[in-house]
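The values are calculated or read from the model by the stated rules, or taken from the named source; none is laboratory data. This is a predicted model, so every value here is computed, not measured. Glycine also receives a Cβ, built like all others from the backbone with ideal geometry; neighbour counts cover every protein chain displayed.
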Amino acid sequence: MSYANLETDFNEVSTLGNFILEKLSDPMTMGEDSADVLALLEMTARLGLLSCKLYQKGEFSEAIIITRAVVEVVGAMFILHFQMKSNRHLLSEITSDPQIRHFLRWIKSGASHHGNGVPSHPMIDKAIDYLDEWLGGIRWQYDAVVELCNELLPTPFSRGSIPGSEPNHVTIPAEYAMRLISKILVNFLTIGIVLYDEIINFSKKINRPPAPERPLTASYPGEKIFTL
């Protein structure tokens, strides 16, 4: 079995991950209260790069579980994005909500890092559904990663195939699984970048003080000023 094309796919993941880290090192890309969303985007980048290293080491099981965490972190970013756009709230107002704070703590602790069949936090499904309504094609990608995680229990796999966890279960080819994982990582790292930029730009807009009203004056002699 040839893994040459997979190397190219994971190189794309690595390029995106390094691009994000370089982007976040530029102070011009940050907002006044962007610490939480910055931490989430950085987390997606580092997890994406970790998945590349795991793939290169042949630790495919862990790479799949890490990919699930990437999707869930991006889902958390969309919750912040959704709240800002829907309610015109500042990031600091959104992240001070106890439910959101608890959710973010769970995400930053590793999300569903152990590959549970059911998300460990009730807001994950809501986040994925909202993101799916916004973009489309999100729900099936998350469900596919969850299904692959379920296949890993209780047995890890390496090059060749993923053994099914149930008797007489159909074996999933490892190359297919890893190709799917690499595409999902590229998709969600890209979505993370877009969400981060939109959140920061919108945050700057609603943080900006309103421009002072100027009295209507004629700009040249004889100009008429119309008022209601």
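With the structure loaded, tell me whether residue 5 is within 18 Å of residue 186 (Cβ to Cβ), in a helix (DSSP H, G or I) and modelled with pLDDT under 90 or whether it fails that test. In short, yes. Quick check on residue 68: is it among the basic types (Lys, Arg), part of a helix (DSSP H, G or I) and either at pLDDT below 80 or surrounded by 22 or more Cβ atoms within 10 Å (Cβ to Cβ) (or both)? Yes. In the range 71-97, the qualifying residues are those that are small (Gly, Ala, Ser), in a helix (DSSP H, G or I) and modelled with pLDDT under 85, and the one that is surrounded by the most Cβ atoms within 10 Å (Cβ to Cβ) is 92. Scan the range 22-41 residue by residue and report those that are acidic (Asp, Glu) and at pLDDT 90 or above. Residue satisfying the conditions is 22 alone. Only a single item in (1) of a type outside the set (A, V, I, L, M); (2) at pLDDT below 85; (3) more than 18 Å from residue 184 (Cβ to Cβ) is not met by residue 126, and it is number (2). Within the set 94, 20, 64, the sole residue that is touching a helix residue (DSSP H, G or I) at 6+ places or on another chain (Cβ under 9 Å), more than 24 Å from residue 178 (Cβ to Cβ) and either in contact (Cβ under 8 Å) with a residue 60 or more places away in the chain or not small (Gly, Ala, Ser) (or both) turns out to be 94.
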